[in-house]
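Have a look at the structure below, then the notes.
The values are calculated or read from the model by the stated rules, or taken from the named source; none is laboratory data. Keep in mind that what you see is a predicted model, and the values were worked out from it rather than measured. Glycine gets a Cβ as well: all are built from the backbone with ideal geometry, and neighbour counts include every protein chain shown.
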Amino acid sequence: MTGVASSARGDLKLTSVTKSYGDFIAVNDLSLVIPEGSFFALLGPSGCGKTTTLRMIAGLEEPTHGKIALGSTDITDTKPYQRPINTVFQNYALFPHLTIFENIAFGLRRRGLKDIDDAVNKALDLVELPHLAQRKPTQLSGGQQQRIALARAIVNRPALLLLDEPLGALDLKLRRQMQIELKWIQREVGITFVHVTHDQEEAMTMADTIAVMNEGEIEQMGSPAELYDNPKTAFVANFLGQSNLIKGTISGSDGDNHIVDLFGQKISLQKNRSHAVDNSILAGIRPEKFRISRLETSTSGNILTGGKVEDVSYIGVSTQYQVLMPWGQELMVFEQNDDGVAPFSVGEGVNISWEPIFTFALRGDEDAEAGTEVSPDEDLDEE
Amino acid sequence: MRKIGTPYLLLIPGMGFLLIFFLLPIFNLAQTSTQTPKDGGDTGQYEQTFRLANYADAIFENREQFGRSFLYALITTILALAIAYPLAYAIAFKGGRFKNVMLVLVIAPFFVSFLLRTIAWKQILGEEGFVVPVLRSLQIISESTTLTSSPFAVVMGMTYNFLPFMTLPLYASIDRIDPRTLEASGDLYANGFTTFRKVTLPLSMPGVVAGTLLTFIPAAGDYVNAAILGSPQTKMLGNVIESRYFRIVDYPTAAALSFTLMAAILILVTIYVRKAGTEELV
Amino acid sequence: MKTISRWFGRNLIRIYAAIAFTYLFIPVAYTFVFSFNDSAKSNLIWKGFTFANWQNPCGAPEVCTALGNSIKIGFLATLFSTILGTMIAFAIGRHKFKGRSSTNLLIFLPMATPEIVLGASLLSLFLVFQINPGFWPTVIAHVLFCMSFVVVTVKARIASLDPRLEQAAMDLYANERETFRRVTLPLVAPGIAAAALLAFSLSFDDFIITNFNSGTMTTFPKFVYVSAARGIPAQANVIGSAMFILALTIVILGQFVGRKRKVS
């Protein structure tokens, strides 16, 4: 192997990394530490800069400004082949002219290692495809190619493994299976994984830490539970799952809680779950946290009254309602079908209630629709 | 340093070759075209007098051959397109597992020298061939009509010889069309002909442009078909240039004609490519 | 009646293709048949069947010398034009540099120039420098017109290469040189082979440019053209047919081997 950077190990550290193409800023002043051994996901819609970030880490793009370091070694100016970092490419990029064995052996041979058969066979065992060693990539199914791409990267025991939308081309069922397998393999080999995806469910299933990216910047970073339960911005609230965001004002205080006025109805919000900067807020509640009840039924917790069922969709495990509130906003309610109660029907008057601890609050001047728009080119490559 | 140098290092040998053996000769050709016979010199000795009238003389003298060259080349191109398009379409969409075999068959006749094949046509269409007696007995042609030594034979020969040059680029671009786009067109209420006109043809335009150029250019400069299958009445510009070089040793006229032919083709090609809207040819 | 017309409608394009192929192969068949003609000199009229021409393909004076020259010239022209053209194709296809569009134009120009102009202008140049037409001038002329076709063919192959494959190689510890040797070159190789094949067949079959630059040296197409006036010996048909069969066999074998390798 060539270069000093090759033996570097440790946390990956990006310091004020910027990448611009002419006037367009793909990645804007990004600073980030990815701890050694973690499974890290960069999540965001297409064009958010996540793939560019990944390619800069791999060495396939040069940052316009900023530094990238692995442990204590600065790798900003090193070539891709001088970095102990390997990538599982989108669409895999297996060498079509080489056998599966030679594909996996490629990196080992370039580093001048001897007796590589063992390592290659172990990698094939790891992805459970030892019988395909002598095939050519075109003779493999998409799922098999995906595993070989993984084996080809992992066999090098890199300090860091980058995965660029690795499951994008697989069908849903195979994707689920691979998600679990990837997670297992990561634990098995103990390599830091950096995973780029636009699929929030995929990111949440696999990663210990997720950084949600939007327009070249990180909106919020944390564990899947943190991001889901207490999003900081409307973009995160909407991009990770769905959220009901209701305009309101903080009108008083009750111990650890704010009293919030939502169009004349008072609810309570834990002070430490508010990211608002003044009294104007967007109160957020996840649809599955809502309970729906008939007007005459008494309920506890936060209550919003005067709703009317606009739409009912029965989807097996749950029933999804659209409830029109007196101020003209439609709220989404997901109700588990576990109580044997017949679903509500369109036109019925209902109340909506929830446990106060589930309320979160965003700045009142945020766009409540941010992150909800799903662009039609979602699945396209970012380049 | 390396990054800037590599492409130029790769280019130098080839470009140097083109400079010496293509641009320099063309420049030299332009120079020869304005020369006049040396006073008191032997045949074939010329001196530079910058006589531009050489061009006017050469073109005027050979205006018929000029017209014929471009007319024959045009008809040849249209005929070749008409034959090759359905052929390329059939190979691309109906070829199935015989696709490669059919492609090889398109190229295979190349390996029998084109001269042998052209002479074969001469004999097939000639008085001793089997076509003429059959047509005569069916009274399709009269007793005195011959097929060889005619414009028909020359154009047919050229169409035949340049057919693979038309078929291959057409095939390459038709083969790239996703058949689902054709189904989509049918789904969106286009009938077969409209689908062809609005979807297939526009998508295969790069092939049409490349194929027509690869046919028209050599056809306009050809003289072999006219020499073998034609008569003095079907002489093309190529025949004149050839005889000025080898028989009459009139280099200036030959050069003027060559240069005019090249310029005319370049102008036509530029206009055509602009109109067809495909800049990326090479 | 109705079913017949419907059958025609459905198979129109196939019938058309069959007719087109017949058109392409009529003179090939004619050449092949007349290679068995028992005619000593002029091969115009069918005189009877014989294997004599096939048993003695060099029987006609000069024909094998001409063939030998054609093969030698074809080989050299293919070698040089493939090397030069491939280098240019890589420069254009893999690098951004100043003067790229004028380079493209200079590559295109020889293809847009009729052969007779190429041949005539080159001859003029040789005459100016008092170089006698012959073997090497012919090789140079052939390299000239083959090179552009090589560039176009190889460039197309390079353009269709997924850049991620080279990136993957770099990612897997191959430096620029190794990436080129282990990934880029093997993947472009089929394009280079196709270009070389094209160059050889263009060179082998060329008459016009050769006629201008070969002087007294004869090549196979020149031999055919010159002897056309007094009748082509049947040996020429033998050689034409043999080349055809040889090429077809090579291609079919190549296909067969390629398919077999894919299966196993």
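Could you check, for region C:127-141, whether at least one of its residues is hydroxyl-bearing (S, T, Y), assigned by TED's automatic domain parsing to the domain that holds C:L197 and surrounded by 17 or more Cβ atoms within 10 Å (Cβ to Cβ)? Yes: one or more hits. When region A:92-117 is filtered for residues that are at positive phi and facing chain C (nearest Cβ under 7 Å), only A:A93 remains. Please work out if A:L94 is in a loop (DSSP other than H, G, I, E, B) and within 27 Å of A:R176 (Cα to Cα). Criteria met by A:L94. Can you tell me which residue in region B:234-273 is surrounded by the most Cβ atoms within 10 Å (Cβ to Cβ), limited to those that are free of Cβ contacts under 8 Å to residues at least 60 places away in the same chain and away from chain C (no Cβ under 11 Å)? Here the answer is B:D250.
You will find that of C:A40, C:A29, C:A52, the residue that is modelled with pLDDT under 85, out of contact with any Leu (no Cβ under 6 Å at 6 or more places or on another chain), under 20 Å from B:A120 (Cα atoms) and not aromatic (F, W, Y) is C:A40 and no other. Can you tell me which of A:I250, A:I210, A:I218, A:I185 is buried (at least 19 other Cβ atoms within 10 Å of the Cβ) and modelled with pLDDT under 90? Just one listed residue meets the conditions, A:I185. Just wondering, is there one or more residues in region C:174-191 that are crowded, with 23+ Cβ neighbours inside 10 Å and touching a Gly at 6+ places or on another chain (Cβ under 6 Å)? There is no residue in region C:174-191 that is crowded, with 23+ Cβ neighbours inside 10 Å and touching a Gly at 6+ places or on another chain (Cβ under 6 Å). Scanning region A:316-374 for residues that are in a strand (DSSP E or B), surrounded by fewer than 19 Cβ atoms within 10 Å (Cβ to Cβ) and aromatic (F, W, Y) returns a single hit, A:F334. Among the strands (runs of 3 or more DSSP E) confined to region A:213-315, the ones with at least 2 residues that are touching a residue at least 12 places away in the same chain (Cβ under 8 Å) and closer than 25 Å to A:P45 by Cβ are located at A:217-222, A:244-254, A:280-285.
One residue stands out among those in region A:35-46 that are in a strand (DSSP E or B) and touching a helix residue (DSSP H, G or I) at 6+ places or on another chain (Cβ under 9 Å): the one that is surrounded by the fewest Cβ atoms within 10 Å (Cβ to Cβ), which is A:F39.
Applying the criterion of being within 28 Å of the chain's Cα centre (by Cα) and β-branched (V, I, T) to the residues of region A:74-105, the residue that is nearest to A:P130 (Cα to Cα) is A:V88.
Listed here are the helices (runs of 4 or more DSSP H) enclosed by region C:166-220 that have at least 1 residues being touching a helix residue (DSSP H, G or I) at 6+ places or on another chain (Cβ under 8 Å) and within 14 Å of chain A (Cβ to nearest Cβ): C:176-179, C:185-204.
Quick grid of which residues meet (1) in contact (Cβ under 8 Å) with a residue 60 or more places away in the chain; (2) under 26 Å from the mean Cα position of the chain (by Cα); (3) buried (at least 21 other Cβ atoms within 10 Å of the Cβ):
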| site | (1), (2), (3) |
| --- | --- |
| B:V154 | yes, yes, yes |
| B:G157 | yes, yes, yes |
| B:F162 | yes, yes, yes |
| B:D187 | no, no, no |
| B:G192 | no, no, no |
| B:L203 | no, yes, no |
| B:V208 | yes, yes, yes |
| B:F216 | yes, yes, yes |
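Scanning region A:156-178 for residues that are farther than 28 Å from A:G71 by Cα and not acidic (D, E) yields A:L167, A:G168, A:A169, A:L170, A:L172, A:K173, A:L174, A:R175, A:R176, A:Q177, A:M178. The conditions of being within 20 Å of B:D175 (Cβ to Cβ) and β-branched (V, I, T) are not met by B:V249.
Applying the condition of being polar (S, T, N, Q) and assigned to a loop (DSSP other than H, G, I, E, B) to region B:32-44 and asking which residue is surrounded by the fewest Cβ atoms within 10 Å (Cβ to Cβ) yields B:T43.
One line per residue, one yes/no per condition, for (1) away from chain C (no Cβ under 11 Å); (2) over 15 Å from B:A80 (Cβ atoms); (3) touching a strand residue (DSSP E or B) at 6+ places or on another chain (Cβ under 6 Å):
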| site | (1), (2), (3) |
| --- | --- |
| B:K122 | no, yes, no |
| B:S144 | yes, yes, no |
| B:G157 | no, no, no |
| B:I177 | yes, yes, no |
| B:E183 | yes, yes, no |
| B:G211 | yes, no, no |
| B:D222 | no, no, no |
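This table checks each residue for (1) free of Cβ contacts under 8 Å to residues at least 12 places away in the same chain; (2) surrounded by 14 or more Cβ atoms within 10 Å (Cβ to Cβ).
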residue	(1), (2)
B:A56	yes, no
B:Q65	no, yes
B:A84	no, yes
B:K94	yes, yes
B:F110	no, yes
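Here region C:94-135 is the region considered, the condition is being among the charged types (D, E, K, R) and either free of Cβ contacts under 8 Å to residues at least 24 places away in the same chain or more than 9 Å from chain B (Cβ to nearest Cβ) (or both), and the residue that is nearest to C:N213 (Cα to Cα) is C:R100. For region C:20-72, filtering for residues that are within 14 Å of chain B (Cβ to nearest Cβ) and part of a helix (DSSP H, G or I) leaves 22.
Of the helices (runs of 4 or more DSSP H) lying entirely inside region B:45-115, the ones with 1 or more residues being among the aromatic types (F, W, Y) and away from chain C (no Cβ under 12 Å) are found at B:53-61, B:63-89. Residue under question is C:A91, and the condition is that it be free of Cβ contacts under 8 Å to residues at least 60 places away in the same chain, aliphatic (A, V, I, L, M) and in contact with a Pro (Cβ under 7 Å, 6 or more places away or on another chain); does it hold? So C:A91 fits the description; yes. Against the conditions (1) at negative phi; (2) surrounded by fewer than 19 Cβ atoms within 10 Å (Cβ to Cβ), C:A168 satisfies every one except (2).
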